[in-house]
Amino acid sequence: MRAIVLAGFAGLAALQAAPPAEAPRPAPAPVATEAAVALSHRANHLFEALAKGDPEAVRAAQLEVESVRRTYSVLDVTPLVEAAALWARQQGLAGRPALGLEAIQAVERWAPDHPSLLGTRIALMRQEGPRGWFWSFPELMKLTRLRLEAPAHRWLWLTQHLGMLRLAATLLLWGWALTMGLRYRNVLRHLWEEPLQHKGISPALAALAGAVVLTGPVLLGLDPLAAALVWLFLLAPFLTPSEVKVTVFIMLFQLVHPALALMEPLAGREPPPSIEVLQLQPRVQPVPASALRLLPPTDQAFLQGWDQLQNQRWKEAEETFQNLVGRHPDQPEVLNNLGVARYHSGDAAGADKAFASALEAGSRMEILLNQSILAFSRLDTALGASKQEEARAAEPADYARLIALNDARKDVRGYPMPLPDSAARAEALAEAAGGPNAERLPLSDPAFLVALLLPLIGISAFLLRIRRSLRMAHPGQCVRCGEPYHTTDSPDPAVCSKCHHLFVLRDGLHTESRRRKLDEVAEHQRNTRWIHKTLIVLLPGFDLAFLGETREALMEFLPLCLAVGMVLATGRSVRYPGEIIPDPVSTWLALGAVLVGLLYLRSWLKLFLRRA
């Protein structure tokens, strides 16, 4: 008894000496901004597990992500997917493309066929060699289909890949003008030197005048294409019929520039704001009230109720959505969310009534799933299974996405429905953010007008000069000596009268004149050979045009210009609006590089093989 009393007093003394215990504080309710933080931590766990190569740790990290998604109801994991794609690309740059592919496979379940995942997989597979390039084509076709189906990305994709036509048109015109200028180089000098010589002007001033004429458009600040058009305009009377046809085709091809200029404003527009994205994507900072100020009061109240559902404040959410019954235009969403709030508040009968009313207002997959949850909670498995089958038949893809939310937990929760997107809501969000980004077609811009009118004016002036030159008898440049002429008594219209008498008739020339003419022919032929070899090495296909084989030349240098356009105009990666990761380098880069290499190799073989 004494020992018991002493122990009791000792215990009382100890209790009096100990500090008073604090009353337990209620756990703070989760807020919407915690979703982004929680998701980032789970992403780090997933990346650490992938780096260790432990399949069990990867599975555990995936379950953690599922738990976060389940905690915050319907949760879009696009930020996690983009972070995984960025991490996978970093692994590829570090020489571990296989590890990057494993990361893509680990997160693909939450966002199948996401553009960031498809682009990252293509980039990683290409790092594995030619075999990877080949096996990445199915993924490339999927990515291309997604780009063409998205209105915000379609015009940017077309502008990027059709940009090779713009560069090809420029190279084609410059190369053709240069080749014709070299082929008829003596004609260009004859056009202004002969009139100036009759006026007693020195050759130096005549050469200076010719330089000003050839470079005048550039000196005046015009587009360099204008200089090429001036060259072709001057040479028009001396071109052969086939060369005239090719010249007109190349000038018409320059209309690609204004056509693509019309597409550029469409390619630069931003995607319209989405109210569903504001609700489903986790955010570190809440959406500011200023961004929602132009929405109708009922929409603002709906968004407030959505935040209450996400924060699991069921009573407040029930009151909010109850006030919106009969007032909000989207009654299926309002009644469904009211049923979810009642279900989690313990009012199963009220939830069943709200779901039934929502189903009468508009059948949706989420409503059917919520009815199945109520049926299973009442142990009515037949009704629950039938409702699930109806939900699966209604929207199979969305059904699988929502069912996956229950993989990480055994408790079943209802599925709320976000406020759907509409044109009026997107316009209100855009105006609140600073006004809609309306694209303006450059129909009145000076640069566009020049690009449109310059080829048309060039073609008109070119054809008019040819028509007027028909009065000139056999204008051309001699293929032997290079001297321009307007008439010849030779049966060959490409040979001047002097060369015809010198090499065919062998009469009519003095010995000294004969020797001087032979020297002129030898010098012209020597220069022609060097120009021809230079064109073979630098500009495949233009060498054929230099020799007068116009049709064959077009069939060779047109693919060359397209291939160079593929490499220089479509090779860069592009980051599409609404995404943080750029697409992989275009496949046209590799195809264009291979085509350029083959065309140059084929041209260089001409230096070693004798042409027929």
Exercise. Does Asn406 satisfy the condition of being over 40 Å from the mean Cα position of the chain (by Cα), at pLDDT below 90, open to solvent by less than 60 Å² (accessible area, probe 1.4 Å) and not acidic (Asp, Glu)?
Worked result: no
Problem set entry | Failed criterion for Ser603 (all others in (1) among the polar types (S, T, N, Q); (2) at pLDDT 90 or above; (3) open to solvent by 20 Å² or more (accessible area, probe 1.4 Å) hold) | (3)
Seminar exercise, completed: Taking segment 523-561 and keeping only residues that are over 26 Å from Glu483 (Cα atoms) and of a type in the set (Asp, Glu), one is left with Glu556
Problem set entry | Of the criteria (1) without any contact (Cβ under 8 Å) to a residue 12 or more places away in the chain; (2) crowded, with 17+ Cβ neighbours inside 10 Å; (3) under 30 Å from Tyr600 (Cβ atoms), which one Glu549 fails | (2)
Exercise. How about segment 152-237: which helices (runs of 4 or more DSSP H) wholly inside it have at least 2 residues that are open to solvent by 60 Å² or more (accessible area, probe 1.4 Å) and among the β-branched types (Val, Ile, Thr)?
Worked result: 203-219
Exercise. Restricting attention to segment 569-578, does a residue exist that is within 30 Å of Thr144 (Cβ to Cβ) and open to solvent by 90 Å² or more (accessible area, probe 1.4 Å)?
Worked result: yes
Exercise. Given the structure, is Glu512 open to solvent by less than 40 Å² (accessible area, probe 1.4 Å), acidic (Asp, Glu) and in a helix (DSSP H, G or I)?
Worked result: no
For this session: Return yes or no: is Gln285 in contact with a helix residue (DSSP H, G or I) (Cβ under 9 Å, 6 or more places away or on another chain), of a type in the set (S, T, N, Q) and assigned to a loop (DSSP other than H, G, I, E, B)?
Result: yes
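Name the single residue, out of those in segment 263-280 being at pLDDT below 80 and surrounded by fewer than 16 Cβ atoms within 10 Å (Cβ to Cβ), that is nearest to Ala428 (Cα to Cα). Spell out how you get there, then give the answer.
Restricting attention to segment 263-280, the residues satisfying the condition of being at pLDDT below 80 are 268-272.
The next check asks that each one be surrounded by fewer than 16 Cβ atoms within 10 Å (Cβ to Cβ); those that pass are 268, 270.
Values: Gly268: 21, Glu270: 15 Å.
Among those that are at pLDDT below 80 and surrounded by fewer than 16 Cβ atoms within 10 Å (Cβ to Cβ), it is Glu270.
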Exercise. When both residues are 6+ apart or on different chains and their Cβ atoms are under 8 Å apart, which pairs have a first residue that lies in segment 213-224 and is closer than 19 Å to Leu452 by Cα and touching a residue at least 60 places away in the same chain (Cβ under 8 Å), and a second that is in a helix (DSSP H, G or I) and open to solvent by less than 80 Å² (accessible area, probe 1.4 Å)?
Worked result: Leu222/Val450; Asp223/Pro217; Asp223/Val450; Asp223/Ala451; Asp223/Leu454
Exercise. Is one or more of the residues making up segment 488-504 among the small types (Gly, Ala, Ser) and in contact (Cβ under 8 Å) with a residue 60 or more places away in the chain?
Worked result: no
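The values are calculated or read from the model by the stated rules, or taken from the named source; none is laboratory data. Just so it is clear, the structure is predicted and the values come from calculations on it, not from any experiment. Ideal geometry is used to build each Cβ from the backbone, glycine not excepted, and the neighbour counts take in all protein chains shown. When the accessible area is computed, the model is the full protein with side chains, heavy atoms only, and any ligands, DNA or RNA have been set aside. Shrake-Rupley method; radii C 1.70, N 1.55, O 1.52, S 1.80 Å.
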